[in-house]
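Quick notes on the structure that follows.
The values are calculated or read from the model by the stated rules, or taken from the named source; none is laboratory data. Since this is a predicted model, take the numbers as computed values, not measurements. Quick reminder, even Gly has a Cβ in these numbers, built from the backbone with ideal geometry, and neighbours come from all protein chains shown.
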Amino acid sequence: MISKAVRISFPLLYPIIVENAVHLNYAVFAFTGGFVGMLLSPLHLCLALTKDYFQAQWGPFYRMLVPLVAMVTAIAVLLLFVLK
């Protein structure tokens, strides 16, 4: 299943990702940006329902989530330069 972030952003980013050749590093970075944005959004239904189900507060919830999201972002930035 393709995420909605990919469906919305990739047609706009297509000229950048496929200039004269396919730039996989830009595609990975764009996909990661959409994924990280979805994970951190308090309006995302999975995040809101999980928080409500476990009766968690936003502060401790984000304190656990942000380091993991930072690791995913750091790996994407690393791949951006490695795949270049």
Quiz item: What are the residues in the range 15-59 that are assigned to a loop (DSSP other than H, G, I, E, B) and either acidic (Asp, Glu) or more than 14 Å from Ala5 (Cβ to Cβ) (or both), if any?
Solution: Glu19, Asn20, Ala21, His23, Pro42, Phe54, Gln55, Ala56, Gln57
Practice problem: Among the residues of the range 11-32, count how many are exposed (fewer than 13 other Cβ atoms within 10 Å of the Cβ) and in contact (Cβ under 8 Å) with a residue 24 or more places away in the chain. | Solution: 0
Quiz prompt | Of all residues in the range 42-84 being charged (D, E, K, R) and in contact with a helix residue (DSSP H, G or I) (Cβ under 8 Å, 6 or more places away or on another chain), the one that is surrounded by the fewest Cβ atoms within 10 Å (Cβ to Cβ) | solution = Lys84
Practice problem: State all residues of the range 4-34 that are within 10 Å of the chain's Cα centre (by Cα) and not aliphatic (A, V, I, L, M); if no residue qualifies, say none. | Solution: Phe29, Phe31, Thr32, Gly33, Gly34
Quiz item: Just one of the numbered conditions (1) more than 23 Å from Ile8 (Cα to Cα); (2) among the hydrophobic types (A, V, I, L, M, F, W, C); (3) at pLDDT below 90 is not true of Met64; which one?
Solution: (3)
Quiz item: Going by the conditions given, is Phe35 surrounded by 11 or more Cβ atoms within 10 Å (Cβ to Cβ) and either among the hydroxyl-bearing types (Ser, Thr, Tyr) or at pLDDT 85 or above (or both)?
Solution: yes
Practice problem: Only one of these is under 17 Å from the mean Cα position of the chain (by Cα) and touching a residue at least 24 places away in the same chain (Cβ under 8 Å): Leu39, Leu78, Leu47. Name it. | Solution: Leu39
